[in-house]
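Taking it in order: structure first as structure tokens, then the write-up.
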Amino acid sequence: MSPENQDNEPFLPALRRDIEAFPIEHEGKNLYLLRDLEGISDKPMAISVGGLLAASLMDGERTASEIQALFSKTTGAFLQASDLKKITEQLENSNFLETPYVRERRLQILNDFLKSPVRKACHQGQGYPENQLELARFLGSFFMDSKGPGKPLSSTPAQPSSPIGLIAPHIDFHRGGPAYAWAYQALSDSPPPDVIVALGVAHISPPSPWVMTLKDYETPYGPMKVDKGLYDEVKGCLWYDPLNDEGVHRGEHSLEFQAVWLKYLWREKAPAWVPILCSSFERFSPDKAPSSVATIEEALSKIGEKLSARTKAGQKILILAGIDLAHVGPRFGDQVELTPGLEKKIESEDRISLEKALSLEADPFYLSVVADDHWRHVCGLSALYTSLRWMKAIDGEKPSPGRLLTYGQAPDPMGGIVSFASGIFPRS
């Protein structure tokens, strides 16, 4: 039975969080295609602009009449009860709403993941082609895009050594593909490192600050294998079992997208990696740098020392941050109007934070983001903070500053602005 308000009218189920919407044209009509990023549903659904707005208002705490009223206030148009009922039924039939069946299915999928010896490619076929040739054409198209680097991958590395760090987006390829191309084109100028430590974002923010897995990440070009020796060293520096929340790796896209690009770039020469998803540090460090939290600081320092020792022994380590930046707008709980002025304000604040990040100033970077009640909602905050700490540990006291390759923004179809960037950090 659905929860009810004080007038005994049931609340409509909430739209699931991991639903992606992107614009399409069908029979001369502008629509949006909804896709499930969590892998519970394999049935994409086309929906009108008005239908998408109605769906975005379904938060599990509003009744049909409340959604109708808010829809009318937002658009000036009236949403018929029968139309809202039809939209709700379509979403439920596609398993895009939080229902008892979806929760049961989610648990079943999690159990299957934990039993699997590999981390299967959850987003291939929807987020990117699973056929190798089609995928090569798809990714290759971003290099010569008007927003791309304007040149393909380097066939011969121009740099003698791999960089210490790389920032790449984790937004979907359709919106952020050219920014990925900037990052991986720059990476192609160097030979592969010996090992990669990849930091992504655990968007559901589990209790574990860093979530690890021993499962190889499957891609159309073969698996990204886990470096089990380095995994054990990192695990030994933590005060908890990093597999406690391992299930978040199953559907999380932030590292799957990096695995696809790494294998596309280097194929069988791709080195092993240690994939780590970062939860939100803000819950225990909302207005201070994480270095002020004893357990976090001790773990960061110990792992940094391990990475530094490997570097001094001659191993080339790449720290890869798969992160996005600002998430601002109604989609993310903000009561703001999306205007060009807001876009400029976001970019200005983002660039201030990026300047500190490129200088490997981890604490000032963090503080610049959480200032003013963290209004930009930077989802890659913890991952990039961790990356900066470990890059500096690898490259010593006077590391070379990083270089910003590109910066971009994209609209969120459900009402918002998402920003992202690519950058590279040369080895001193």
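The values are calculated or read from the model by the stated rules, or taken from the named source; none is laboratory data. Note that the structure is predicted; figures quoted are calculated from it, not measured. Cβ: placed from backbone, ideal geometry, glycine included. Neighbour counts: every protein chain shown. Side chains are part of the model used for accessible areas, which takes the heavy atoms of the whole protein and leaves out ligands, DNA and RNA. Shrake-Rupley method; radii C 1.70, N 1.55, O 1.52, S 1.80 Å.
Laid out as a table, the results:
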{"read-out": "From the options R105, R119, R137, residue that is surrounded by 13 or more Cβ atoms within 10 Å (Cβ to Cβ), among the basic types (K, R) and over 30 Å from P10 (Cβ atoms)", "value": "R119"}
{"read-out": "Only listed residue being at positive phi and either at pLDDT 95 or above or hydrophobic (A, V, I, L, M, F, W, C) (or both), chosen from L360, L354", "value": "L360"}
{"read-out": "Residue tally, condition under 12 Å from Y366 (Cβ atoms) and among the polar types (S, T, N, Q), over segment 281-301", "value": "3"}
{"read-out": "Any hit, segment 122-134, residues being more than 20 Å from the chain's Cα centre (by Cα) and free of Cβ contacts under 8 Å to residues at least 12 places away in the same chain", "value": "yes"}
{"read-out": "All positions within segment 27-47 that are among the β-branched types (V, I, T) and touching a Gly at 6+ places or on another chain (Cβ under 9 Å)", "value": "I40"}
{"read-out": "Total residues in segment 63-99, condition open to solvent by 70 Å² or more (accessible area, probe 1.4 Å) and either in contact with a strand residue (DSSP E or B) (Cβ under 8 Å, 6 or more places away or on another chain) or within 10 Å of L12 (Cβ to Cβ) (or both)", "value": "4"}
{"read-out": "Identity of the residue in segment 339-379, among the polar types (S, T, N, Q) and assigned to a helix (DSSP H, G or I), that ends up farthest from T406 (Cα to Cα)", "value": "S368"}
{"read-out": "Residue in segment 244-262 that is nearest to D194 (Cα to Cα), counting only those that are among the polar types (S, T, N, Q) and open to solvent by less than 20 Å² (accessible area, probe 1.4 Å)", "value": "Q258"}
{"read-out": "Residues satisfying the stated conditions in segment 350-366, i.e. out of contact with any Ser or Thr (no Cβ under 8 Å at 6 or more places or on another chain), open to solvent by 20 Å² or more (accessible area, probe 1.4 Å) and closer than 27 Å to P330 by Cβ", "value": "R351"}
{"read-out": "Segment 286-305, subset over 20 Å from N244 (Cβ atoms) and not in a helix (DSSP H, G or I), residue most open to solvent (accessible area, probe 1.4 Å)", "value": "K288"}
{"read-out": "In segment 221-235, the residues that are touching a residue at least 60 places away in the same chain (Cβ under 8 Å) and open to solvent by 20 Å² or more (accessible area, probe 1.4 Å)", "value": "Y221, P223, E233"}
{"read-out": "Test: A158 is of a type in the set (A, V, I, L, M) and surrounded by fewer than 20 Cβ atoms within 10 Å (Cβ to Cβ)", "value": "yes"}
{"read-out": "Hits in segment 33-51 (condition: under 22 Å from L79 (Cα atoms) and surrounded by fewer than 20 Cβ atoms within 10 Å (Cβ to Cβ))", "value": "L33, A46, S48, V49, G50"}
{"read-out": "Helices (runs of 4 or more DSSP H) contained entirely in segment 173-278, each with at least 2 residues that are closer than 17 Å to D324 by Cα", "value": "173-187, 253-266"}
{"read-out": "Of all residues making up segment 202-219, the number that are in contact with a helix residue (DSSP H, G or I) (Cβ under 8 Å, 6 or more places away or on another chain) and open to solvent by less than 20 Å² (accessible area, probe 1.4 Å)", "value": "10"}
{"read-out": "Total residues in segment 263-285, condition within 26 Å of P193 (Cβ to Cβ) and surrounded by fewer than 20 Cβ atoms within 10 Å (Cβ to Cβ)", "value": "7"}
{"read-out": "Filter pass, L33 being touching a helix residue (DSSP H, G or I) at 6+ places or on another chain (Cβ under 9 Å), without any contact (Cβ under 8 Å) to a residue 40 or more places away in the chain, farther than 21 Å from R105 by Cα and of a type in the set (A, V, I, L, M)", "value": "no"}
{"read-out": "Qualifying residue in segment 176-196 (condition: modelled with pLDDT of 95 or more and farther than 28 Å from K316 by Cα)", "value": "yes"}
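This table checks each residue for (1) without any contact (Cβ under 8 Å) to a residue 40 or more places away in the chain; (2) under 30 Å from A393 (Cα atoms).
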{"position": "M144", "(1), (2)": "yes, no"}
{"position": "G150", "(1), (2)": "yes, no"}
{"position": "P160", "(1), (2)": "yes, yes"}
{"position": "I164", "(1), (2)": "no, yes"}
